Amino acid sequence: MSAAAKFPHRSRATLEDKQLVATDTYLLRYRLPSSERLKFLPGQYVTFILDRGGKSVTRSYSFASDPDSGNSFELVIKKVESGFASNLLCGALVGQEFTVLLPLGRFVVHDPLSRKALFVATGTGIAPFFTMIRALLAEHPEIDITLVVGYRHPADLILNDRWLAFARASPNFHLVNVLSRPDHEWKGESGHVQDVVRKLFQDLSQHDVYICGVPEMVSEVQDLAVSLGTPKERVFVERY
Ligand SMILES: Cc1cc2nc3c(=O)[nH]c(=O)nc-3n(C[C@H](O)[C@H](O)[C@H](O)COP(=O)(O)OP(=O)(O)OC[C@H]3O[C@@H](n4cnc5c(N)ncnc54)[C@H](O)[C@@H]3O)c2cc1C
C-alpha cells in the first residue's frame, strides 16, 4: 500500500444525493464532471474552496466511499454549531455545484508488516476509516483489526449498519462503539475512547494505531498508544 498521494487538482463537484444518517450528520454524494475519473488513496480527503463574503475559505472532508466509485464520492459531514462550511454543505440542495481540490492527504494505510491494527475515532473521525479498513481487510484478511469509535448519544452512531456488515463478513474485524452519554438501554461501552482503549489493551506493541478526530483526543490516544508499546512511527494520525 503506497503512502504516495495522487496529484491534487481543482474540479467541480455536484451534489447528487443527501441523507441524514445520525444527529445533524449527513451522508453526501457528489459527482465530478463525466470526463474525470477520481483516483485517491483510502484515508485521503477533498478540500472545498468556498466563498465567504467575497473571501475564499477552505474546509477539508475525508472520503468515506471507495476509491473505485468512478467519478463520484461520498462524505460524512456533521453540522457544527455556527459552523460556516458544515452548515453550508449540509444545507445545500441536490444539483448545487462546488469548487474542490482533490485528492489530498498523507493519512493512508501502511503495509501492516504482519502487525495488528487499532483504529480509534470520535464522531465524523470515522469517515476515512470506511475506506481504510475496507482496504486493509481486502489486502490482509488475516490481520486482527479493532475499531474503537466514540459518540455522545445512541442517535449519534454513524452508518453503524455498514460497520456491522464488515464485522459479519470479517471475523478478524472487531467493532467497539463507545458512548459518553449512554441511555439506560445501552449495553455497550461507555465513557471516553481513551478509557476503553486502556481497558481493552494492556500491550499495543504489536499494533499499528490509526487515530482520527478532534485534536485533544488524537493527542491523548497517541500518547497512550506509545505508552502501551506502539513504536512512534507506527502511530498514524489525522486531526480535524
Ligand atoms: C483532513 C481533515 C478532514 C476532515 N474530515 C471531516 C469529515 O469527514 N467530516 C466532518 O464533519 N468534518 C471533517 N473535518 C472538519 C472540517 O474540515 C471542518 O473543520 C468542520 O466541518 C467545521 O467547519 P465549519 O466551517 O462548519 O466551522 P467553523 O466556521 O470553522 O467553526 C465554527 C465554530 O465551531 C467550532 N468547531 C469547528 N470544528 C468543530 C468540531 N469538529 N466540533 C466542535 N466544534 C467545532 C470552531 O472552533 C468555531 O467556534 C476534517 C478536517 C480535516 C483537517
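The values are calculated or read from the model by the stated rules, or taken from the named source; none is laboratory data. This structure is a prediction, so every number in the text was calculated from the model and none was measured. For neighbour counting, all protein chains shown are included, and Cβ atoms are generated from backbone atoms with ideal geometry for every residue, glycine included.
Condition check ((1) over 14 Å from residue 127 (Cα atoms); (2) in contact (Cβ under 8 Å) with a residue 60 or more places away in the chain; (3) more than 15 Å from the ligand (Cβ to nearest atom)) across all residues:
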site: 23; (1), (2), (3): yes, yes, no
site: 27; (1), (2), (3): no, yes, no
site: 38; (1), (2), (3): yes, yes, yes
site: 42; (1), (2), (3): no, yes, no
site: 53; (1), (2), (3): yes, no, no
site: 67; (1), (2), (3): no, yes, yes
site: 70; (1), (2), (3): yes, no, yes
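Scanning region 114-140 for residues that are within 16 Å of the ligand (Cβ to nearest atom) and part of a strand (DSSP E or B) gives 119, 120, 121, 122.
When residue 88 is tested against the conditions (1) assigned to a loop (DSSP other than H, G, I, E, B); (2) more than 16 Å from the chain's Cα centre (by Cα); (3) within 23 Å of residue 49 (Cβ to Cβ), the lone failure is (1). For residue 81, work out the one condition from (1) buried (at least 16 other Cβ atoms within 10 Å of the Cβ); (2) part of a loop (DSSP other than H, G, I, E, B); (3) at pLDDT 95 or above it doesn't fulfil. Result: residue 81 passes all but (1). Report the residue count in region 95-113 for those that are more than 16 Å from the ligand (Cβ to nearest atom) and in a loop (DSSP other than H, G, I, E, B). The number of residues fulfilling the criteria is 6.
When 236, 166 are checked against the criterion of being assigned to a helix (DSSP H, G or I) and among the aromatic types (Phe, Trp, Tyr), 166 stands alone in meeting it.
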